[in-house]
Every structure is written in C-alpha cells, then in structure tokens.
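Trainee: Following this message is one structure expressed as structure tokens.
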Amino acid sequence: MKITKYALAAAALSLTFFSSCSDDAVGPYGGIEIPNSYAFSRNGMSSVDYGGQTARLKMLNEMGEKFTIAATNGNLLDAGELTNMYSNTNNAFSSAELNNSGKNIKSKTASSADYFSSFLGGGSSTEKAAVQAMFENQFILGAEASQGNPASAGVAGSYLDGSKMRLFAANGLEPQQILLKGMMGAMMMDQISNQYLSTLKLDGGSNVIENTNKVLSADGNFTTMEHYWDEAYGYVYGADNATTNSKKFWSSYIDQVNADSDFNTVSNDVDLAFRAGRAAIVANDYSGRNQQIARIQEKLALVAAVRAVYYLQEGKGKLVEDNGAKAFHALSEGYGFIMSLRYTRQPGTDNPYFSKTEVDAMLASLISGENGLWDIDTLSPKLDAISSQIAAKFGFTVAQAATVN
C-alpha cells in the first residue's frame with residue numbers, strides 16, 4: 001500500500017516538476033522536456049549545486065600551476081607544500097575560499113564507493129592507498145626535477161620545450177602531467193562513473209522514494225538524487241568560466257576530441273546526456289536516467305581513449321627531436337590518459353574498459369627502457385602496440401584518433 005501511495009504521488013509530482021526545468025526547453029527528448037542548458041530550478045531558485053567539485057578542480061589547477069611556476073622561474077618546487085595542498089591542510093592554497101572549503105583532493109582519489117568500497121571492477125583498499133602514494137610521489141619527483149639540472153637520460157631536470165620550460169623525472173615522464181591527467185581519471189572519472197552515476201549510490205537508502213516525492217535534502221533546494229547527479233556534472237564542467245569562455249580538464253578535452261570529424265558528436269552527446277538525465281530525475285523517470293548514465297560513461301571513456309592514442313602518436317612523431325625530449329610532454333599526457341582508462345566503466349557492467357592489470361602493463365611498457373622514455377629507440381613499436389590495443393577496444397582506428405581533421 002505504501003508503494004502504491006508513493007506511485008500515485010509520483011504521477012502528480014511528475015507533472016508538477018516537468019515544469020520546474022528551465023523555461024528554455026529544447027525537448028521533448030524521450031518524452032521529457034530537456035532545458036537547453038544545465039539549468040534546473042525549484043520554487044524560483046536554482047536546484048543545481050556542485051560547489052564542492054568546483055573547489056576541487058580549482059585546487060588541482062592551482063597545484064598544477066606550482067609546477068609551471070617552478071619550472072618557468074627556476075624555483076625549487078616545494079613537495080611539502082603540494083602534499084599539504086593535496087590534503088588541504090595548513091592553509092596551502094592562495095585563497096581562504098579553498099583553504100576553508102572543507103574539501104580536499106586526496107580523499108576523492110581512487111575512492112569511489114563502487115570500485116574502492118564495494119571493490120567492484122577489481123578495486124581494493126590496497127590499490128587506493130597505492131594510487132594516493134603514487135600521486136604524492138609526483139610531488140617529490142617534481143621537486144627533484146627543479147634542482148637546476150638539465151633533464152637528460154637518468155637525470156631529473158628541466159627542459160625548454162619551445163617557449164615553455166618543463167620538469168621531467170629521471171625516466172622522462174613529466175610529474176605535472178601525471179598529476180593533472182592522472183587525476184582526471186583517479187578522481188574525476190572515478191567519481192563520475194563509479195560514484196555519483198552509480199545506481200547503487202543514486203538509489204541508495206531512501207533516495208528513490210524521497211526523489212519521487214520531492215523530499216528535499218537538508219542541505220539545499222534539491223533532492224539527494226538530484227544533487228548526486230549535479231556532483232557528477234560538476235566533475236566535468238565545474239571549472240568552466242563562461243565569462244572568459246575558458247574550459248578545464250574533461251570539459252576542455254571533450255571539446256578537443258569533438259573538433260575531430262571522426263568524433264564530432266561527443267560534446268553534444270555528453271552535454272545532452274547530463275541535461276536529459278537530470279530532467280529524467282526531476283520527472284521520476286529512472287529508466288530514462290539510467291539510459292543517460294550509460295551514455296555518459298561510454299562517451300567519457302571514449303574521450304580518454306581517443307586522447308591517449310592521440311598523444312602517443314603525437315609523441316611518436318617527435319622522437320627525432322632533441323634526443324626524444326621533445327616528445328616527452330605528449331607522451332606524459334598519453335601516460336596520464338592511459339591511467340584514466342582504469343577508472344572507466346563499461347555501461348551496464350561493474351567493470352572498466354581496461355582492467356588495472358591491463359593498464360599497468362601498458363604503463364610499464366611505455367617506460368620499460370633502462371632510462372624510461374629516454375630509450376627512444378625502443379619506443380615506436382611500443383607506442384603503436386598500445387595505440388592499437390586501445391583503439392581496438394573502442395572500435396576506432398589509430399589513424400582516426402591520431403589526426404584531428
């Protein structure tokens with residue numbers, strides 16, 4: 001009887017909250033009106049909130065800038081400061097807003113409920129600790145590279161890449177890119193695909209009943225399910241600045257992949273899926289919501305795969321310059337996007353597109369030379385083999401990803 005009562009209430013509320021989306025609707029889409037921007041409101045106020053995600057993306061951006069500043073000015077990179085920034089301790093950020101936000105990046109690194117609490121997708125608490133330690137080690141490697149030595153085989157140091165000075169570890173990898181691109185997987189992708197878009201999370205506790213009856217969270221003008229969806233959205237678009245038209249992290253790379261005619265629907269696909277899924281939640285259409293979850297998981301994984309292959313092939317083309325050093329920035333970006341593949345999710349399953357074992361094997365292959373990337377004579381066949389492995393899994397060709405046309 002209780003369920004029947006809720007079902008009746010849902011039907012009435014569904015009609016009510018269809019109209020709570022933005023007036024600028026572009027629908028119907030699957031029977032639901034979809035706003036043409038990610039704008040949802042209730043009682044005359046926005047019901048969208050992803051401030052925590054915006055804070056963490058700003059934190060990561062500021063951490064990345066520390067590497068750039070140290071390399072550009074020839075300053076020593078302070079690993080201790082970066083460690084404090086990672087855990088948001090000791091007021092390490094430049095703004096009180098971030099220092100007092102109560103948010104940090106470390107607690108969200110390899111920490112999704114599905115992969116690292118329920119241990120789906122081959123996850124484990126051991127892996128979580130190892131991933132966090134790996135990122136903290138990048139701070140140490142960056143500090144070592146900032147000691148004033150020119151980068152060379154087996155020597156951590158700096159390298160002038162065109163007009164930009166970069167810091168390389170002794171194996172040729174760029175700690176800044178391992179941090180930034182790696183965190184796009186270990187934090188952002190993992191939180192999107194395996195935390196906030198997990199049906200175990202969205203439907204946990206009494207979330208379905210409360211969303212159906214529009215019982216609002218004590219924290220704001222949204223239901224808990226709506227808020228979880230917003231938090232996933234925030235990890236993609238939360239650092240965008242509409243005023244300056246600047247985009248960061250996944251939002252930026254979605255656009256870059258979309259610029260290739262082979263993948264020129266991906267930007268609209270991801271954006272529409274987020275809007276349609278949020279509208280479906282408002283309309284209590286959980287089947288429609290789940291269809292959009294699958295679309296987002298699939299398309300974000302595709303972007304990571306395309307960019308991984310793109311950077312591996314770009315690096316391959318630069319191996320002939322400066323004893324290979326010209327290639328290491330692109331190869332480091334490719335390394336980071338390969339890391340991201342471990343946190344992807346094949347729609348409708350509990351598994352990533354590539355297992356931890358498979359990802360670890362690809363990463364180990366890249367730096368398997370005695371001096372890592374510096375052993376450039378061994379790199380080309382490895383880059384091609386990894387590129388082909390990734391492309392085959394996603395059904396595109398290496399050539400399609402390597403060339404933006």
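Trainee: Report the extension gain between SER118 and GLN291 in nm, rounded to one decimal, defined as 0.36 nm multiplied by the number of residues separating them, less their alpha carbon distance.
Mentor: Length difference between fully extended and current span is 60.0 nm.
Trainee: Starting from the 7 Å offset along Cα-to-Cβ, what nm value, one decimal, do you get for the label separation of SER368 and SER125?
Mentor: Here the answer is 3.4 nm between the modelled labels.
Trainee: Go ahead and collect, in residue order, the members of segment 162-185 whose backbone nitrogen is under 14 Å from a label point 7 Å along the Cα-Cβ direction of GLN147.
Mentor: Backbone N within reach: 168-171.
Trainee: Quick one: work out the % antiparallel among DSSP beta bridges in the chain, nearest 5.
Mentor: Antiparallel: roughly 90 percent of the beta bridges in the chain.
Trainee: Taking only complete DSSP H runs, can you tell me which helices of the chain stretch 27 Å or more along their own long axis by Cα positions and average at least -0.5 on the Kyte-Doolittle scale?
Mentor: Span-like helices here: 51-73, 125-145, 286-317.
Trainee: If I compute solvent accessible area with a 1.4 Å probe over the protein chains, what percent of it on the chain is carbon and sulfur?
Mentor: 50 percent
Trainee: Moving on. Just to confirm my numbers, what's the Cα centroid distance between segment 304-355 and segment 70-127 in Å?
Mentor: 22 Å
Trainee: Rounded to the nearest 500, what is the chain's calculated 222 nm mean residue ellipticity when only DSSP H runs of at least 4 contribute -39500 (n - 2.57) each, over all residues?
Mentor: -17000 deg cm²/dmol
Trainee: Say each of ALA392 and ASP322 gets a label point 7 Å from the Cα, pointing the same way as Cα to Cβ; how far apart are those two points in nm?
Mentor: 3.4 nm
Trainee: Send over a whole-number figure in Å² for the accessible area per residue of the chain, probe 1.4 Å.
Mentor: I get 40 Å² per residue for the chain.
Trainee: Starting from the Cα of SER206, step 7 Å toward the Cβ, then list every residue of segment 214-254 with an amide N under 13 Å from that point.
Mentor: Counting backbone N atoms under 13 Å from the label point, the list is 214-218, 224.
Trainee: Okay, moving on. For a paramagnetic label modelled at 7 Å from the Cα of SER355 toward its Cβ, which residues of segment 102-134 fall within the zone defined by backbone nitrogen distances under 20 Å?
Mentor: Zone members listed by number: 114-131.
Trainee: Here is a further query. If the limit is 22 Å between Cα atoms, which of LYS326/LYS382; LYS58/LYS393; LYS248/LYS299; LYS326/LYS356; LYS181/LYS201 go over it?
Mentor: LYS58/LYS393; LYS326/LYS356; LYS181/LYS201
Trainee: While we're on this one: Would you kindly state how much longer the chain becomes between LEU160 and ALA259 on full extension, computed as 0.36 nm times their sequence separation minus their alpha carbon distance, in nm to one decimal?
Mentor: So the chain would gain 32.8 nm between LEU160 and ALA259.
Trainee: Between exposed GluC sites (Glu not before Pro) in the chain, where DSSP calls loop and at most 12 other Cβ atoms lie within 10 Å, what's the longest gap?
Mentor: Formally, the longest exposed-site-free interval is 1-320.
The values are calculated or read from the model by the stated rules, or taken from the named source; none is laboratory data. On a predicted model such as this, the values are computed, not experimentally measured, just so you know. Methodologically, a virtual Cβ is constructed for each residue, glycine included, from the backbone with ideal geometry; neighbour enumeration extends over all protein chains shown. All accessible areas refer to the heavy atoms of the entire protein, side chains included, with ligands and DNA or RNA removed. Shrake-Rupley method; radii C 1.70, N 1.55, O 1.52, S 1.80 Å.
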